[in-house]
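A.B. asks: Below you will find the structure I want to go over with you.
Each value in this text was obtained by applying a stated rule to the coordinates, not by laboratory testing. Values in this document were obtained by computation on a predicted structure and should not be read as measured data. Heads up, the Cβs are rebuilt from the backbone with ideal geometry, glycines too, and the neighbour counts pull from every protein chain shown.
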Amino acid sequence: MENPILIADDDPVVREILGAILESLGQTFDSASSGQETKEKVTNRLVNEAPYLLLFLDIQMGDMTGIQVIQQLKNTFPDFVAKVVFLSAHAKQDVDKIHGQADEDYYLEKPFTSEQIAEIIDEIFQ
C-alpha cells in the first residue's frame, strides 16, 4: 500500500538525504522546495488524488515558515489530517518559543538519522 509522503525543505541536500532514507524504507514520496510549492502540492493531492498522509516540513523555508504553511492549509481545508514532522536545525524548545507550536506534531532536529526516520514511519504507518 502506498503511503503518500511529501518532503518540503528549501535545502536540496536535506531533500536528497531524506529521500534516500525513505526509499531505503520502501516509501515513495514527492518533494517541494518552498512553502508555496508545498501548499500547491498538498492542495492538488487533497483535491485530485489520495492526500498526503505524512509531511516532512522544514520550519524555516525561504518564503514562509512550515508553521505558516500548516496554518494556511488548515484554514483552507479544515479536515486536513496529515501527520507533520517538523524539521529544524534549532532546538525544539527554541522553536516552540518562536512559533508556539503544540506538541501534537513530530519534531526532528537536523541532522537526523535513518533510525529516527524509520521509527517515525513505523509509528505513523503501523
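A.B. asks: Check the stretch 5-124 and count each lysine pair with an alpha-carbon distance under 15 angstrom, considering only pairs eight or more places apart or from different chains.
C.D. replies: The result is 5.
A.B. asks: Describe numerically, in nm with one decimal, the distance between label points set 7 Å from Cα along Cα→Cβ at K110 and at M64.
C.D. replies: The two pseudo-label positions are separated by 2.0 nm.
A.B. asks: What nm distance separates the two modelled labels at N48 and T28, each placed 7 Å from Cα along Cα→Cβ?
C.D. replies: It works out to 1.5 nm between the two label points.
A.B. asks: Using 7 Å Cα-to-Cβ label points, what is the H90/Q126 separation (nm, one decimal)?
C.D. replies: If labels sit at H90 and Q126, their model points lie 3.2 nm apart.
A.B. asks: Quick one, which of (i) 18.2; (ii) 14.6; (iii) 15.7 is the actual Kirkwood radius over Cα pairs in Å calculated for this model?
C.D. replies: Computed from these coordinates, Kirkwood radius over Cα pairs in Å corresponds to label (ii).
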